[in-house]
Amino acid sequence: MTQVKVKGKEEPIKVHLLKGEAPFHQRQILDNKTPFVGRETELSFMTSFFQNALTSGTPSILLYQSPPGCGKSRLLAEFEASMAGQGVCRVFLNCVFSPNLTMNIQILRSFLQINRGIASREDLVDHLRRFFSHEEPETLTLAALHLASLLGLPLKEEESINAIKSNPEETWNKALCLLAGIFSRLVGQSPILVLLDDVQWIDEGSMKVLTSLMKMITGPFCVIAMGRPEKVVLEIIAGFSNAVVRDLNPLSSEKSLELVKGLLSTLQDVPQSLMEQVTTIAQ
C-alpha cells in the first residue's frame, strides 16, 4: 500500500493490505505446481500404515525423520491430499518455533472446528451440541466450561470460579479426559488422522496433549509426523507400542535431476549443465 518508517529499521518497509487468512499449512513449498518425485514408496507405506491403524482400531503413530530439505512437508501434503473424500477427519498442524504459541489451541480448535465466530461459553455449548448430538447435555456443558477456560473465552465470575476450583494441571487433565471420551466415540463414526509437520519444534504442553490423547483414546486414531532427527522427536513416541520411526533419505541423483527438470519446466532450452549444477549445489 505504501512505505512507512518503523522504529528499529533504517529503511522504510512496505505495508501490504491483508486480504484474509490462508489455511495454516499452505506454504509456498506446497504449491500445486511443485512436482512430486521419488517418494512413491514412502507414500505407499504411509497409506498402508494408516489402513493398518484402521484395521487394528488402536491409536498409532508414524514418524518420518530427516535433516532439513529432504521433502518432508511435500510428502505430508501429498498424503493429506490422497486422504480427501475418504470419510476421514483430517487435522493438519504445523508446529511453530515460538515459546508463546502452543499447539494445544490449534488441536482443540481443529478437532472441534471452533472458528472465531464462537466468542463465548454459550456459543461453545451450542456448537458442541450440534457437533456431538448424542452426548449428554451435562457432559457438553462441563466440557464447554473447561474448553472455554483453556481457549481464553470470556467467562462469568461464577463460571471462572468453577473453572479454577482445582489447580491448572487438574483442570487441564479433566479437559483431556472429557476430550478423550468424546473423541473415542467420534472415531466410531469417522477415523481421526492427525498430520504434524516440523514436530521437532513441538512445545511441552502440546506434547502432553498428543501423548495423553494417544493413551486415552480407544479407536482408529492415527498420527503421522515429520521432523528432524532430534531427541525431542523420539520422546514423543516413547512408550507407544504402535509406533514406527522411519528415515526419509535424500532423493537419488537421478530423481533430484527429475525434480529440477519439473521445477524448471516453464523455461525453454534449459542447458543440461545448468540443471546438473542446480542439483549438485542445492543438494
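Here, each number is a calculation from the coordinates, and none is a lab measurement. Note that the coordinates shown come from a computational prediction; the quantities given were computed from them, not determined experimentally. Neighbour counts are summed over all protein chains in view; Cβ atoms, including those assigned to glycine, are modelled from backbone coordinates with ideal geometry.
A few remarks follow.
- Compared with the alpha-carbon gap, the fully stretched path from residue 241 to residue 283 is longer by 11.6 nm at 0.36 nm per residue.
- Sites residue 265 and residue 5, calculated FRET efficiency, Cβ-Cβ separation with R0 45 Å, nearest 0.05: 0.60
- Spacing of the two label points (7 Å from each Cα toward its C-beta) at residue 116 and residue 216, in nm: 2.9 nm
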